[in-house]
Amino acid sequence: MGDEFDYQRVMDILGSREQFTQGDVACAYGALLGGCTFFAGYPITPATEIAESLARLMPRIGGVCAQMEDEIASISAVIGAAWTGRRAMTATSGPGFSLMQENIGYACMTETPCVIIDVQRSGPSTGQPTEPAQGDMMQARWGTHGDHALIALAPASVQECVDLTRLAFDLAEQYRTPVLVMTDGEVGHMREKIALPTAEQVTLRERRRPTMPSDQFVPFRAVQGRVPEMADFGTGYHTYVTGLTHDERGLPATDDAAVHTQLVARLCGKIEDAVAELTRVEIDNDEGATVGLVSYGISSRSAAGAVKLLRLQGVPVSHLRLVTVLPFPEQAVREFAAPLERIVVPELNLGQICHTVREAVEGTAVVEKVARIGGEIIQPAAIVRAVQEGGQPVRSG
Amino acid sequence: MSDRMQKEIKICGFGGQGIILAGVILGEAAVKAGYWAVQTQSYGPEARGGAARSEVIIASEPIDFPRVTVADVTVALSQPAYDRYVKDAATTDGVVVIERDLVEAPGSLAQPFVKTAESVGNKIVTNIVMLGYLNGYLDLITPELLEAAVLANVPAGTEDLNRQAVRAGRQLFTGGEGEQ
C-alpha cells in the first residue's frame, strides 16, 4: 500500500535541476525526492518555509500537507501516517522540538519510520527566533526520556539540505526509526546553488513489509537482522502499536524485566551497532598537524574557512566534519584524533558535541571549544585564534 | 589561490525596503552567470521596520564561510542600518554606497535611488534601482542576466516598472559614477 514514487512527477513540479534556493526550500525538495507524501507541521521561525514550500508542492503530487494545531499534533499525525505506509515528515524549531519529544520516544518505541527537521534557533524557550544556533544537539540525543537511540544528520549547505533530507527517509525506513535532520536558522535561510539528483541517483530503499500469511506474522519479531518487517495498517496484518513495553506480538508486557531489557536492547542496538555503516564524515587531514577541528553543520563552514586561513600562514591543521552526528561516529573521531595533541570543536552553543568528542577520544587529545551564542555564526578568525592560542576549556557539566 | 575571484557585498536598510530580495536577485543572477554565490540575511522579528541586512558573496570557486568577512561593497538605504551595520562594523572596507536622501555618511558614494525610483513610477522599486547601480559597479554579471533575474523574482504585473528601474539604476552608474 506504499506510495508509488515517481521521480519525473516530482521533478516536473520542482522545476529545473539547478536552482539558487534556500536551505528550508531545499529540505522540502529533499523530502519530495525522498518519497515523502505526508507532511504535518506548525509554523515556526526559521522553519516555516519548509511547511510553506510543501503546502505549495505537496498537493501537486497528490500528497498531504496539513497545518496542525500545534507540534504535538504534528508529530502525532506523522506517526499515524507512517503506519499507513507513507513516508512522513514534520519540521520545526527549538520550542516545537521540545513539544515533540515525548512522541519522538513513542516513534522509537513503536519503531515508526519518520523524519523530523529541526531548524535550530537560539534558545532556551522562545529565545531569539530569527537567529541561528546549534543548541538542540544534546536534546536530539537525550530529549526524549528513557534509553533509546536514533539517527541525526547535520547539513552544512543548501545542497546537503536536499541530499540529507532525502537520505533521512531511506534511513528511517531501513532502521524503522525517527531520523532527525539537525539544520539551523543560518543554513535554513541561506541561499546557494543546488543541483537536484538525477533519476539514477534517486532509488528509494523500500520499507520491508511482511509477505508471509498474515496469521504467521509476529509484528515485532525481527526475522532478519534486528529490524522487524512493518505492516501498513489496513493490509490484514494486525499490529497492536503501543508505547508500553511490549512483547514480539506487540502486546503490553510491562512487568516483565526480561521482555523490557530485550526490547530496549534491540531498539538501541539496531542503531548503535550500525554506527559503521551510518558514519558519514568528511576528513581533511594535514600531514604533521598536531591540532584538529571537529565540526558539524553551519560551524563546519567556519571551520573550513579557518583551515584555509591557517594553511595560508603555514600552520598545519586537520579537520573532521560530522555529517552523521548520531549515532556518534566514535571510531572515526578516535582515529582522526590519534596523531593529534589538541582538538578544537566550534559550536553555536555553549558546548555540547565537544563533550561527546572528549568522551570519544578518552584523553588522547585535549578537547577545547569555540562556543558562540547570540545569533552570529562563528568567524573563521575566532577558530584560527583558538588553534594558535588555545580554545575555551571543556569542563564536565 | 591567486586566480580566485571573490566579491563580498553587504546590503542593508530597514525591513520592507526589499533589502533581502535585492540580495536574492543578485545571488541568483551570479549563479546564472556561472559563479558560485551564497546569500545570507539578518533581520528582526518585525515584518516592517527594524534593521535588515542581506549579504552576498560571489566567487569563482565554492564558498566555505558564507558571511561577509570584509565587504568589497556596502550599500546602506537607511540611517539606522548604516549606523549599525556600516559605521560601527569591523567588517566594512571597500566602497560604501548610500541613499542620498535617507543616509548621511561623509565619504560615501551618495546616490538618488529613491528619486530615480519615483521618476520611473514608484519608490517601491528603490531596491531594484540600487541593484542596477550595484551590478554596474561590480561588473561581474551582464545587465541582461540581472534583468532576467529581477523579472523572475517580482510580482506579475510589475515587470515593466521593474525593468525600467533596473535600467535606470544602471544608467545612474554609467552616467555618473557617483558624487562624493
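Please verify whether B:T69 is buried (at least 20 other Cβ atoms within 10 Å of the Cβ), within 11 Å of chain A (Cβ to nearest Cβ) and either among the β-branched types (V, I, T) or closer than 22 Å to A:E18 by Cβ (or both), treating the condition exactly as stated.
Judged against the criteria, B:T69 is not a match.
Which ones in region B:25-36 are surrounded by 21 or more Cβ atoms within 10 Å (Cβ to Cβ) and either away from chain A (no Cβ under 14 Å) or in contact with a helix residue (DSSP H, G or I) (Cβ under 8 Å, 6 or more places away or on another chain) (or both)? Within region B:25-36, B:I25, B:L26, B:E28, B:A29 qualify.
Got at least one residue in region A:366-379 being small (G, A, S), touching a residue at least 40 places away in the same chain (Cβ under 8 Å), under 24 Å from A:T183 (Cβ atoms) and in a helix (DSSP H, G or I)? Write out each step before concluding.
Going residue by residue through region A:366-379, those that are small (G, A, S) are A:371, A:374-375.
Subset that is touching a residue at least 40 places away in the same chain (Cβ under 8 Å): A:374-375.
Those still in the list that are under 24 Å from A:T183 (Cβ atoms) too: A:374-375.
Those left that are additionally in a helix (DSSP H, G or I): none.
Within region A:366-379 (the criterion being small (G, A, S), touching a residue at least 40 places away in the same chain (Cβ under 8 Å), under 24 Å from A:T183 (Cβ atoms) and in a helix (DSSP H, G or I)), the answer is no, since none of the residues qualifies.
One residue stands out in region A:363-395 among those that are under 23 Å from A:Q139 (Cα atoms) and over 25 Å from the mean Cα position of the chain (by Cα): the one that is surrounded by the most Cβ atoms within 10 Å (Cβ to Cβ), namely A:Q392. Taking interchain pairs and intrachain pairs at least six residues apart, which have beta carbon atoms under 6 angstrom, with the first residue in region A:262-290 and in the same structural domain as A:H319 (by TED's automatic domain parsing) and in contact (Cβ under 8 Å) with a residue 40 or more places away in the chain and the second acidic (D, E) and not in a helix (DSSP H, G or I)? Between residues of region A:262-290 that are in the same structural domain as A:H319 (by TED's automatic domain parsing) and in contact (Cβ under 8 Å) with a residue 40 or more places away in the chain and residues that are acidic (D, E) and not in a helix (DSSP H, G or I), the close pairs are A:T290/A:E341. When you look at A:E376, is it within 14 Å of another protein chain (Cβ to nearest Cβ) and farther than 22 Å from A:L312 by Cα, yes or no? Here the answer is yes, as A:E376 does meet what is asked. The set of residues in region B:91-148 being among the β-branched types (V, I, T), in contact (Cβ under 8 Å) with a residue 40 or more places away in the chain and part of a loop (DSSP other than H, G, I, E, B) consists of B:T91, B:I141, B:T142.
Out of curiosity, is A:T254 polar (S, T, N, Q), without any contact (Cβ under 8 Å) to a residue 12 or more places away in the chain and assigned to a loop (DSSP other than H, G, I, E, B)? So A:T254 fits the description; yes.
Evaluate the following for A:A133: is it crowded, with 24+ Cβ neighbours inside 10 Å, out of contact with any His (no Cβ under 9 Å at 6 or more places or on another chain) and at pLDDT 95 or above? Considered against the rule, which asks whether it is crowded, with 24+ Cβ neighbours inside 10 Å, out of contact with any His (no Cβ under 9 Å at 6 or more places or on another chain) and at pLDDT 95 or above, A:A133 comes out as yes. Here A:V259 passes the criteria (1) outside any loop (DSSP other than H, G, I, E, B); (2) closer than 18 Å to A:R208 by Cβ except the one numbered (2). Here are some conditions: (1) surrounded by fewer than 24 Cβ atoms within 10 Å (Cβ to Cβ); (2) polar (S, T, N, Q); (3) in a strand (DSSP E or B). A:Q120 meets all but one. Which one does it not meet? In the conditions (1) surrounded by fewer than 24 Cβ atoms within 10 Å (Cβ to Cβ); (2) polar (S, T, N, Q); (3) in a strand (DSSP E or B), A:Q120 misses (1) alone.
When region A:322-360 is filtered for residues that are in a loop (DSSP other than H, G, I, E, B), over 18 Å from A:T279 (Cα atoms) and in contact with a helix residue (DSSP H, G or I) (Cβ under 8 Å, 6 or more places away or on another chain), the ones remaining, listed by number, are A:L348, A:N349, A:Q352.
Could you tell me whether B:Y85 is in a helix (DSSP H, G or I) and at pLDDT below 95? Yes.
Does A:V227 satisfy the criteria of being surrounded by 15 or more Cβ atoms within 10 Å (Cβ to Cβ), touching a strand residue (DSSP E or B) at 6+ places or on another chain (Cβ under 8 Å) and either of a type outside the set (S, T, N, Q) or away from every other protein chain (no Cβ under 14 Å) (or both)? Against the criterion (surrounded by 15 or more Cβ atoms within 10 Å (Cβ to Cβ), touching a strand residue (DSSP E or B) at 6+ places or on another chain (Cβ under 8 Å) and either of a type outside the set (S, T, N, Q) or away from every other protein chain (no Cβ under 14 Å) (or both)), A:V227 does not qualify. Looking at B:V56, B:V68, B:V38, just one residue is under 24 Å from A:G305 (Cβ atoms), over 13 Å from the mean Cα position of the chain (by Cα) and not in a loop (DSSP other than H, G, I, E, B), and that residue is B:V38. Annotation note: Cβ proximity below 8 Å between a residue of region A:130-156 that is under 20 Å from A:S295 (Cα atoms) and a residue that is modelled with pLDDT of 95 or more and basic (K, R) (sequence gap 6+ or interchain) occurs for A:E131/A:R121; A:P132/A:R121; A:A133/A:R121; A:A152/A:R141; A:L153/A:R280; A:A156/A:R301; A:A156/A:R321. Say whether the condition of being acidic (D, E), touching a residue at least 60 places away in the same chain (Cβ under 8 Å) and facing chain A (nearest Cβ under 10 Å) is met by at least one residue in region B:6-24. There is no residue in region B:6-24 that is acidic (D, E), touching a residue at least 60 places away in the same chain (Cβ under 8 Å) and facing chain A (nearest Cβ under 10 Å). Where strands (runs of 3 or more DSSP E) fall wholly inside region A:132-248, the ranges with 2 or more residues that are more than 21 Å from A:T324 (Cα to Cα) are A:191-195. Which condition from (1) within 15 Å of A:T165 (Cβ to Cβ); (2) away from chain B (no Cβ under 14 Å); (3) touching a residue at least 60 places away in the same chain (Cβ under 8 Å); (4) not aliphatic (A, V, I, L, M) is the one that A:E49 breaks? Looking at each condition in turn, A:E49 falls short on (2). Restricting attention to region B:72-89 and to residues that are surrounded by fewer than 24 Cβ atoms within 10 Å (Cβ to Cβ) and aliphatic (A, V, I, L, M), the residue that is farthest from the other protein chains (Cβ to nearest Cβ) turns out to be B:V73. Could you tell me which residue of region A:285-307 is farthest from the other protein chains (Cβ to nearest Cβ), considering only residues that are at pLDDT 95 or above and surrounded by fewer than 16 Cβ atoms within 10 Å (Cβ to Cβ)? Ranking the candidates gives A:T290 first.
Of all residues in region B:37-56, those being of a type in the set (D, E, K, R) and either away from chain A (no Cβ under 12 Å) or surrounded by fewer than 19 Cβ atoms within 10 Å (Cβ to Cβ) (or both) number 2.
The values are calculated or read from the model by the stated rules, or taken from the named source; none is laboratory data. As the structure is a prediction and not an experimental result, all values here were calculated from the model. Every residue, glycine among them, receives a Cβ derived from its backbone with ideal geometry; neighbour counts consider all protein chains shown.
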